[in-house]
Structure formats: structure tokens, C-alpha cells
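Working notes for the structure below.
The values are calculated or read from the model by the stated rules, or taken from the named source; none is laboratory data. All values reported here derive from a predicted model rather than from experimental measurement. Virtual Cβ from ideal backbone geometry, glycine too; neighbours counted across all protein chains shown. For accessibility, only protein heavy atoms count, side chains too; no ligands or nucleic acids. Shrake-Rupley method; radii C 1.70, N 1.55, O 1.52, S 1.80 Å.
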Amino acid sequence: MGTNLFEKIWTANSVMERPDGATLLFVDRHIVHDATSQGFDKMEAEGHSLRRPDLTFGLADHYVATGNSTAQRKPSFDQMVSRLDAESRRWGFDSFGPGSRKQGIVHVAGPELGITLPGCVLVCGDSHTATHGAMGALAFGIGASEIAHVLATQTIWQRKPKQMRVTIDGTLGQSVTAKDLILALIGKIGAGGGTGHVIEYAGSAIRGLSMEGRLTVCNMTIEAGARTGMIAPDETTISYLEGRDYAPKGEAWDRAVAHWRTLVSDDDAVFDREVVMHSDEVAPMVTWGTSPMDVLPITGTVPDPSVAGSDDERKRISHALDYMGLTAGMQLTDIRIDRAFIGSCTNGRIEDLRAAAAVVKGRKAQVPAFVTSGSGQVKAQAEAEGLDRIFTEAGFEWTDPGCSMCVAMNGDLVPPGERCASSSNRNFEGRQGRGSRTHLVSPSMAAAAAVTGHLADVRKFTGSRS
Amino acid sequence: MKPFKSHRGIAAPLPKSNINTDLIVPARYLLRTRKDGFADALFSDLRYEVDGTPTSDFVLNQPPFDTATVLVAGDNFGCGSSREHAVWSLADYGFRVVIAPSFADIFHGNSLQNGLLVIPTPQATVDQICSTLTANPGTEIAVDLDAQTVVCGNLSYTFEIDPYRKECLLKGLSETADTLRSLSTIETFESQHGQSRPWLAAPHQS
Ligand code: SF4
């Protein structure tokens, strides 16, 4: 019986086992950010020091100012950002803060800098660390005590998760993106559908995705409750990495590439669960409720709670519609929005900004809208391509990189009761600010909503409807 | 971590289900550092009015429960966000033990890593304990970790705990300190791993 991609990395990084069944994994890459200072506090309180500064990297993202005009900032936000900088100087690890071209959201900048490599075990104190699995890494989010443990030992105790393979075959329809694929999958298996599993994505639709698209798919794996997502490295991965800041060079690069080519699930590898989907089924998607699984094609209507399968589900849907201020049966395209946000670790990459700009070009934003690049490099690239001017000429704000309105921790927020078309990943109650109402969409769908003032089918803006 | 061998103290009843970590410590306190302490943050939206005056109806504001060190709560305690601040606020306030029918996974792990003993206890027993605490405010609960027993008035029972976690608690060992006892194993692994994957071992910016 063959082994799958997950098992290959798990075995290669297993240091030892404990009688209670937990495995000690060696951590090849640990990324810390400006909301993980508690980990350093705990490490020091227990009298330890940072064991491997060379394998530790810092990126400021959650609390950084983006220059968004509606931000409500507090001085304590800047203190969180400078705290990370202070830790990096104290312990001697590389860290990038505001102003550095290398700064950005951990899950955008990490892959982009070549910190994330195929076959590595990577951890970070953030649930969306699943993103990095798109490069063929085993990457997952951890809590504060675990951060302290990794800082002090460069290892982490884990129980082996089950393995699920999600195969998506086919080609993507017009204006259908990686975001729509993953939203459709979460809609299909549910917000708890991946619980206890790591998911490997396979199939021609996944193979056909760019690196950016693959990162988007793995990013939202956590919204299906899975521990993480993974995609086997291939030519797309290898050419994406070549020449990146921290990527190996010269002879080390050749050796690395030879190894990475072995990181695939064997033909006879076995998974605990298999899910199969066809990309032809997927249209541009939008969420209507307060869980990412509350998702429908943009051509749909707001669901009716009375047709729910169970009493609990009926209550859940009614409560969600109540919170979202929606009426059952209304066309999704009739939902008016108050603002639009393009950015986040799900969709703040160059390809996302290009897709949004293609819709925005020559049109005008009907509501306040802003675009926050996922990293300094994305921002610089977009400016070099003139995308910033397309956005600003259409009345969008063009802001500095960071998590921004995805989580509202830096003061960029959606005011109470307002409705936002957002390219981020969570539509929980209050996620984008107290009382905020979020509709998750792809970046081009967010752009289409911004230029019409309501949720809209992006296919009307990008040529013939399919 | 402070070792935990046994504990005896006043217990407070809070028999609600699904007490989430947002309720235990609201998000606005997350900017604090561990050193600042989280005692005042514990249940702050339940303990204080918007103007900061203590609420009269919350159990921890009513003597003798204001000096409680054991909390007895409803099922699925600690659900929601993974914030470890929830455990720190309970511990900083003075709690050493939480008794409930069930605990959310992440909270459960976070507690034992911080010397806060969580004791899953059948619902019927929790109900009985809560009636005793309400009928006789100030009743103390005694917990013996080594023997795995809880005594509350006439009632006593034994509880389950993972043997590894039990040992860490008894010795006051944090998982980190324990792992570091295997440092030489880690070092051996590390050097072999580094040799077979040199591109992972020494990342340097170009
Ligand atoms: S962009 Fe949003 S989801 Fe991503 S790391 Fe930042 S806050 Fe978390």
C-alpha cells in the first residue's frame, strides 16, 4: 500500500512518539505575527529562550495601519506592531514590519518570500496557516502555549489527523475562480465537513490553478473545519518559487527540486475519505448567511428557512437571515451593499487585484470601496502594472498592506448594520466590526458589487454569459 | 507552571451551557500582555455594568462566591475562539479548578497547559453539586489529583484524566520543559534532517 503526501511529510518530520499516542514533529518554519506576543511572554515566563532564530520569521499584519480613511485606530495597535519588532531584535530573527516591501499578511508574504517550501512543516499562531499547504507543505495554526513550545523547542506535539482527498476535475467556467471552487466545496461538505482531517486537493481543476489560486483554496480549508489543506508540488509550484528571497539557490535548489518531485501521493495511496466534485457545477458564488457554508451561486435566491432539513437548521437559518437583514426568496442580485473590500490572505494577491481591476476599469464605484494588497510586493507589482490608477480613477481607496477589514483588529471596520461585499474568508457575526454584515465573494465579484451597488453576476461584466 | 497536587476551596455555581471564550474574556482585552494580568477581564461583561459598577446579580459578585477558587459550570465550557486568554483570566482571578459536564477541545488543552484543572463530570453530578452550593453558600470542594477524587459535602466521586497531563500537573512541568528533557533526541534528529534536506536548514535571504 502506497503512502500519501501528508504521510510522507509527517514521517519525515517525526522526532519521537509519546506513550499517549502524540507525535513530536520537527518544525522547519515558524512564522510569528503581531498578535502572537503572548507566545514570547510564555516562553520567557517559563525561563526558556528562542531555540532556532534562523527558522523563525516575523511578519506584521493584524494590527498594522493601512491608511484606510474609515479606520478607528488606538495607540495600543502600534504597540503590538512594535512589540514584534522588539522581539525580532532581541532574539535575532528576520522580521518585516510596516514600510518594508517584504511586509505583508503571513499567508501572502510567507509563500511569496519563499519562506514556505514544499515538504516543510510550517506552523503559525493563526488558523489560516492552512494556506501554505498549497505549496506542498504541512502547515497548520497553533495556540499561544504551542507557540511558546515551538519557540523553545522547534518542535510540536500533534496527534495524527485522518486524511481526506478532494478531487475536483474539469475546467473553470467564465469568471469562476479558486474562491468559487472552495466556497462551493464548503457549501457541499459543510463548515464541519473536514473536522479531524487534513485535506489533499487533487484533480485537473486544481492542477490547472495558478499558485495564487491554490493558496486561496487551501486558505479556506479551515472554514470546512479541516486541520489543513495540501496540494502536491509540481511545475507551477517550482517555477513560482524559483528566485524567491528565501528559496534555496544553486546546487541546493537542484537538490530541493529533485526532492520536491517525489512529494506526491502514490497511485495506490489510501485516504480515510474521498470527495469528488466537478468544476462544471461551480458558478460565481456568494454567501448569504453567517457561516461560509451558507453559500449559493449568484443566480440563486435567499433560502427559505421553512424548507430546512431539521428544526435546528431552520432556527439557524432564520437567525442568520435576521442578522443579515434578508428576506427569504429575494434574488441575491437584488441585495444592495454599503461597501466593498478587496484584500485579505484569501484574495489579496496580484492575480486577485488584476481580476478585480479588469471589472473596475472604466467604471465608477457606487459605494465606498477599498483595495488592500496582501503584501508590499503585491502592492508594488500592482502599481507597476497601473492597477492602482484603475482603482483610484474609479473612486476606490488604494491602501497599504495588512489584514485590515478582514478582521477589523486594526480599526478598519464595517460600521454596525452595514453590508459589505468582501473577498475575505469569514462572514461570522461581527467579524468585520460589531453588527457588520458580510457577503463572501471572489475579488472580481466584489468589484462587480462595488460598481453596481448591489451583489451582481460578474459574468455580465466580463463578456458573454455562460 | 504551578504544580497541582490537591486543592480545597469555596465553589461557585454557574450552571449555563456553552459558556464561550468571548464571554470569559471579551476581545478588547486581547491587546494585553500576560504580565498585565487578566483577573479583572474575567467575565467582565457579566461582572460589570457599562459604566464599570459591579452587577448585583452575577454570582462572582455575591459573597461568599467572590472568593471562590472552584467554578462549577454547564456543558461545552470554553467553546468558540481559541484564545488562551480565557484560561489566563480564570487562573489570574484565582480559579484552580473548573468542573463541568464537558469542555471544548482547545480550551481543555489550554487549561491543562496552564495549571488549571478541568474536571469533566456527569451532568447529574454537576446538578447535585450546584444545588448543594446554592443551598449552602460557601461550601468547599476538595480535589485530590493523585487519587483523582472530588469531594463536595456528602458527595464524592472519581474522575478521569490523561496520565501524561496528570504527571505534568503533579510535577508542575510544562509540556515545553518536558519536551526539553528529550533535547538530545531533538538535536540528533535535527542534524540528520538538516543533512538530508540542506535547503531547509539554513534559509538566508538573497
Ligand atoms: S487576512 Fe484575515 S484571515 Fe487572513 S490572517 Fe489576516 S485576519 Fe486572519
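Qualifying GluC sites (Glu not before Pro) in the stretch A:169-260, where qualification requires a DSSP coil assignment and no more than 14 other C-beta atoms within 10 Å, comprise A:242.
What you get for chain A, charging only the Cβ of Lys and Arg (+1) and of Asp and Glu (-1), is a dipole of about 660 debye around the Cα centre.
Over chain B, what is the relative contact order in percent, taking alpha-carbon pairs closer than 8 angstrom and at least six residues apart? Let's see the in-between values first.
Details: 361 pairs, mean separation 51.6, N = 206.
Relative contact order of chain B: 25 percent.
Rounded to the nearest 10 square angstrom, residue A:383 shows an accessible area of 70 square angstrom against a 1.4 Å probe.
Regarding the protein assembly as shown, what is the average projected area of its C-alpha convex hull, in nm²?
Values: hull surface 116.7 nm².
It is 29.2 nm².
Here the stretch A:159-173 is scanned for amide nitrogen atoms under 19 Å from the site 7 Å beyond the Cα of residue A:274 along Cα-to-Cβ, giving A:162-170.
Amide H contacts for residue A:15 (H built 1.01 Å from N in the peptide plane; partners 5 or more residues away or on another chain; cut-off under 5 Å): A:24, A:25, A:26. Within the stretch A:415-454, the trypsin sites (Lys or Arg not before Pro) that combine a DSSP coil assignment with at most 16 other C-beta atoms in a 10 angstrom radius are A:434. Based on DSSP H segments of at least four residues, each scored -39500 (n - 2.57), the protein assembly as shown has a per-residue ellipticity at 222 nm of -9000 deg cm²/dmol.
Of all DSSP-defined beta bridges confined to chain A, some 25% are antiparallel rather than parallel. The 3J(HN,Hα) values that the Karplus relation (6.51, -1.76, 1.60; θ = phi - 60°) gives for the stretch A:120-125 are, in residue order, 8, 9, 10, 10, 7, x Hz. Gly and Pro appear as x.
Taking label points 7 Å from Cα along the Cα-to-Cβ direction, residue A:313 and residue B:123 give a separation of 2.4 nm. Bridgeable aspartates and glutamates around residue A:42 (alpha carbons under 16 Å apart, same-chain partners fewer than 8 residues away excluded): A:34, A:87, A:146, B:36, B:84, B:92, B:175, B:178.
Taking all protein chains into account, the per residue accessible area for the stretch B:62-195 stands at 40 Å² (1.4 Å probe). Between amide H atoms placed 1.01 Å from N, distances below 5 Å from residue A:275 occur with A:165, A:166, A:167, all of them 5 or more places distant or on a separate chain.
Relative contact order of the stretch A:243-314: 13 percent, from C-alpha pairs under 8 Å at least 6 residues apart in sequence.
Positive end of the dipole of the stretch A:288-460, charges at C-beta (+1 Lys, Arg; -1 Asp, Glu), about the Cα centre: which of A:365, A:303, A:440 has its Cα farthest in that direction? Result: A:365, furthest along the dipole toward the positive end. Volume per residue for the stretch A:5-273 equals 152 cubic angstrom (convex hull of Cα atoms). Apply the a/c threshold of 1.5 to the C-alpha gyration tensor of the stretch A:126-280 and tell me whether it is rounded, prolate or oblate. Cα axes put the stretch A:126-280 in the oblate bin.
Spin-label model, residue A:207/residue B:31: points 7 Å from Cα along the beta carbon direction are separated by 5.1 nm. Structure note, pairs A:179/A:364; A:179/A:460; A:188/B:16; A:8/A:249; A:162/A:188; A:188/A:315: Cα-Cα distances above 26 angstrom occur for A:188/B:16. Backbone amide hydrogens, once placed in the peptide plane, bring residue A:96 within less than 5 Å of A:58, A:59, A:60, excluding anything fewer than 5 places away on its chain. Let me know the shape class of the stretch A:346-466, please: from the alpha-carbon gyration tensor, a ≥ b ≥ c as square roots of the eigenvalues, rounded when a/c is under 1.5, otherwise prolate if a/b is greater than b/c, or oblate. Judged from the Cα gyration tensor, the stretch A:346-466 comes out oblate (a/c at least 1.5, b/c at or above a/b).
Within the accessible area of the protein assembly as shown, the carbon and sulfur atoms contribute 50%, probe 1.4 Å, all protein chains present. In order along the stretch B:39-55, the Karplus-derived 3J(HN,Hα) couplings, from 6.51 cos²θ - 1.76 cosθ + 1.60 at θ = phi - 60°, round to 4, 6, 7, 4, 6, 4, 6, 8, 7, 10, 6, 4, 7, x, 6, x, 6 Hz, and Gly and Pro are given as x.
Looking at the stretch A:5-273, what % of its DSSP beta bridges pair antiparallel, to the nearest 5?
On the way: 7 of 31 bridges.
Antiparallel bridges make up about 25 percent of those DSSP assigns within the stretch A:5-273.
An ellipsoid equivalent to the stretch A:108-160, defined through the eigenvalues of its Cα gyration tensor, has semi-axes of 19, 11, 10 Å when rounded to whole angstrom and sorted largest first. When the Kirkwood radius is taken over all Cα pairs of the stretch B:6-173, what Stokes-Einstein diffusion coefficient follows at 20 °C and 1.002 mPa s, in µm²/s? The diffusion coefficient I find is 134 µm²/s. Sequence-distant contacts, meaning Cα pairs under 8 Å at least 6 residues apart, place the relative contact order of chain A at 18 percent.
Which trypsin sites (Lys or Arg not before Pro) in the stretch B:114-206 pass both tests, a DSSP loop state and at most 13 other beta-carbon atoms within 10 Å? Don't jump to the answer; show the numbers that get you there.
Numbers: sites: B:165, B:166, B:171, B:181; in loops: B:181.
Passing sites in the stretch B:114-206 are B:181.
Measuring between their Cα centroids, the stretch A:94-132 and the stretch B:44-91 lie 36 Å from each other.
Averaging the Cα positions of each part gives two centres, and for the stretch A:307-353 and the stretch A:149-200 these lie 21 Å apart. Give the Rg/Rh ratio for the stretch B:111-159, taking Rg as the radius of gyration of the Cα atoms and Rh as the Kirkwood radius, to two decimals. On the Cα set of the stretch B:111-159, Rg over Rh gives 0.98. Over the Cα atoms of the stretch A:180-257, the radius of gyration divided by the Kirkwood radius equals 1.07; this is the Rg/Rh ratio.
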